[in-house]
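Worksheet for the structure shown next.
The values are calculated or read from the model by the stated rules, or taken from the named source; none is laboratory data. Everything numeric here is computed off the predicted structure, so don't read it as measured data. Note that we place each Cβ from the backbone using ideal geometry, even for glycine, and neighbour counts take in every protein chain shown.
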Amino acid sequence: MKGPLGQGLHLARRFFGSLSRAEPGPADTAWVEGVLLPGERGLWARMSAPDRRHAVGVARAVQAEMGPAATRPVLAAALLHDVGKVDSGLGTLARVLATVAGRPAVRRRSAELAGRGGPLGRLGRYLRHPEIGGDLLRAAGSDSLTRAWSESHHRPEERWDPAVPVETGRVLKAADDD
Ligand SMILES: [Fe+2]
Ligand SMILES: [Fe+2]
């Protein structure tokens, strides 16, 4: 559903979904361990349970869509695109508010906000989760596609990093409903 009503329903669903602390199941966890590089596994362990459940859903959808063309770096991109959120320290309700606040006007100030302390700093870092995630993935030794998708996943297609093949980016974007 598109439009304000559809978006409201989506946010409500995400809010209630994010209240659950349930971990991904054992089969999903074993699959993820097999996909991620050792350095990436450390980042995965720092992600919140709701973020990990979301990431598994994205990666499973990408695998179903692409089949064998879903290479390890592509699946890692699906699993770790939101990893930069580990640095925000933002709670559930604040994240939903951040999504609403994450409009272009606020986003333009996110770099400046990210350097601050307190709630505004956390909001700024949350809005900069693509760039922060890119830095974490670079340090973890991720493939360039994995790192580039974290940095690109909230940008319009024409501004995607060239390390992301357009067809692959479209599948990743369609599977990521946030
Ligand atoms: Fe994101
Ligand atoms: Fe996402």
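So, of the residues in the stretch 27-76 that are part of a helix (DSSP H, G or I) and polar (S, T, N, Q), which turns out to be nearest to residue 95 (Cα to Cα)?
Looking at the filtered set, the residue picked out is 29.
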Task: Failed item, numbered, when residue 140 is tested on (1) among the small types (Gly, Ala, Ser); (2) free of Cβ contacts under 8 Å to residues at least 40 places away in the same chain; (3) over 21 Å from residue 50 (Cα atoms) - done: (2)
Open item on the list: Name the residue that is surrounded by the fewest Cβ atoms within 10 Å (Cβ to Cβ), counting only residues in the stretch 77-97 that are under 10 Å from the mean Cα position of the chain (by Cα) and assigned to a loop (DSSP other than H, G, I, E, B).
Closed with: 82
Open item on the list: Just to check your reading of the model, which residue among 33, 23, 112 is without any contact (Cβ under 8 Å) to a residue 12 or more places away in the chain and away from ligand 1 (no atom under 16 Å from the Cβ)?
Closed with: 33
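Can you name the residue in the stretch 101-110 that is in contact with a Leu (Cβ under 6 Å, 6 or more places away or on another chain) and in a helix (DSSP H, G or I) and, of all such residues, is farthest from residue 90 (Cα to Cα)?
Result: 107.
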Task: Lone unmet requirement of (1) modelled with pLDDT under 95; (2) away from ligand 1 (no atom under 16 Å from the Cβ) for residue 98 - done: (2)
Task: helices (runs of 4 or more DSSP H) contained entirely in the stretch 111-162, each with at least 3 residues that are polar (S, T, N, Q) - done: 144-152
Task: Test: residue in the stretch 44-51 that is surrounded by fewer than 14 Cβ atoms within 10 Å (Cβ to Cβ), among the hydrophobic types (A, V, I, L, M, F, W, C) and at pLDDT 95 or above - done: yes
- [ ] Restricting attention to the stretch 143-169, report how many residues are within 16 Å of ligand 1 (Cβ to nearest atom) and touching a helix residue (DSSP H, G or I) at 6+ places or on another chain (Cβ under 9 Å).
- [x] 16
